[in-house]
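Note sheet for the following structure.
The values are calculated or read from the model by the stated rules, or taken from the named source; none is laboratory data. Because the structure is a prediction, the values reported are computed rather than measured. All Cβ positions, glycine included, derive from the backbone under ideal geometry; neighbour counts span all protein chains shown. All accessible areas refer to the heavy atoms of the entire protein, side chains included, with ligands and DNA or RNA removed. Shrake-Rupley method; radii C 1.70, N 1.55, O 1.52, S 1.80 Å.
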Amino acid sequence: MIREEINEIKKQFNRDTNVITKYAGCYVDAEKNIKFMNKDAFYSLPEEDAFKYEEIFRKTLSGAIGKSLLTLDFSLDDEGEDSPHAFLMKLRESRLDDELLLDEFFRKVIESYEHAENYYIILIDIMYDIPGKASDKIAMDDASNEVYHALLCSICPVSLSKPALSYFANEGVIANRVRDWIVGMPMHGFLFPAFTDRTTDIHAALYFSKKNDALNESFINEIIGVEPPMSSVMQKETFEAVLYDILRDELTMPVMSSLSSNMLDLIAENSDNPEPLVLTKNDMVKLISKSGVSDEAVESYEKSKDADIEVLADNVIDTKKFEVKTPGITVKTDTDSIEKLETRIIDGRKYILVPIEDDVEVNGMPVKSI
């Protein structure tokens, strides 16, 4: 899903649209015991309660695409008769009216979800009457020809509020406040089916993770039913490791500067594309061949099976900061200063030379020169 499609669904979570038909919740303690389950028509909730829930649902569709939000595609093998995909389709068709299906869903989540504290699972049924759009992309409310029917699951931590003194107006005293169990913003969740090209896409789901390096792989595997993708952090670490292992001594500062500039140029060329830029092995071969490495190094990269990875460009390079990691040393600076850095071999050892007027971090420590 692209940002415009995600935002379109996200904007529907308010009382004016009434797209949420029902909700179901399951509160689980740290020992995986169900404390209670509830189910009701969503807008039978008090207005203040509904507002808090809607905030949670919007948050489940928030974050950077490719980092916090990942589109997960189902293969034909993932959509078998007894697959998690088939179960989600059945749960969606039930409109949350089947108590046994709901109970089974919550128990599947509890079994697969890895979390050491209390949490609250919320599942909602969405019925969105998709408005048509004119050629100028302005919505036409009276031109709807499809209803987008989906499930949104949000998993929220539940933790004790901090101890504090509080003013009690009835007694006219300040005393220790009773600690409450507070439902926080979601840690994980998913939207199924996806909303692709402004239509229902039962062959994909949108997964949410608050932390880029914590995808909860067991949950993705068992509940959504696809092979967990690499997190954005893992993509960056794997990408850097492959580059270093294959190119090694050819990764001089001029080469890294040129490679970084070429990647930034590619990102800039893709800026008008709503789809995030994916770097394939072929893309990387072209980029490193333009960056000053030898033909032998390019050939080594092209032949390496370790380089058979696809990563999002935004996950492996920062458009504002330049960072390079090699064993034992990490160098950070802004992108405008990359070309000023220099590598030099002195007495058989590689040194990174930094102009004295530029601010650079090495191993987390700010330095002026090396």
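Miscellaneous remarks
- Against the conditions (1) touching a residue at least 12 places away in the same chain (Cβ under 8 Å); (2) under 22 Å from Asp98 (Cα atoms); (3) among the hydrophobic types (A, V, I, L, M, F, W, C), Ala30 satisfies every one except (2).
- Answer residue from the range 116-148, given it is modelled with pLDDT of 80 or more, open to solvent by 80 Å² or more (accessible area, probe 1.4 Å) and assigned to a loop (DSSP other than H, G, I, E, B) and is farthest from Glu54 (Cα to Cα) among those: Ala116
- The range 174-204, residues that are surrounded by fewer than 14 Cβ atoms within 10 Å (Cβ to Cβ) and closer than 21 Å to Ser68 by Cα: Asp197
- Of all the residues in the range 149-170, those that are modelled with pLDDT of 95 or more and of a type in the set (Ser, Thr, Tyr) number 1.
- A count restricted to the range 12-28 and to residues that are assigned to a loop (DSSP other than H, G, I, E, B) and open to solvent by 40 Å² or more (accessible area, probe 1.4 Å) stands at 5.
- Of all residues in the range 229-266 being within 30 Å of His188 (Cβ to Cβ) and open to solvent by less than 30 Å² (accessible area, probe 1.4 Å), the one that is farthest from the chain's Cα centre (by Cα): Val242
- Lone qualifier among Glu4, Glu8, Glu81, Glu31 - being in a helix (DSSP H, G or I) and loosely packed, with under 14 Cβ neighbours inside 10 Å: Glu4
- Residue match in the range 181-202 (condition: in contact with a Leu (Cβ under 8 Å, 6 or more places away or on another chain) and more than 26 Å from Gln12 (Cα to Cα)): yes
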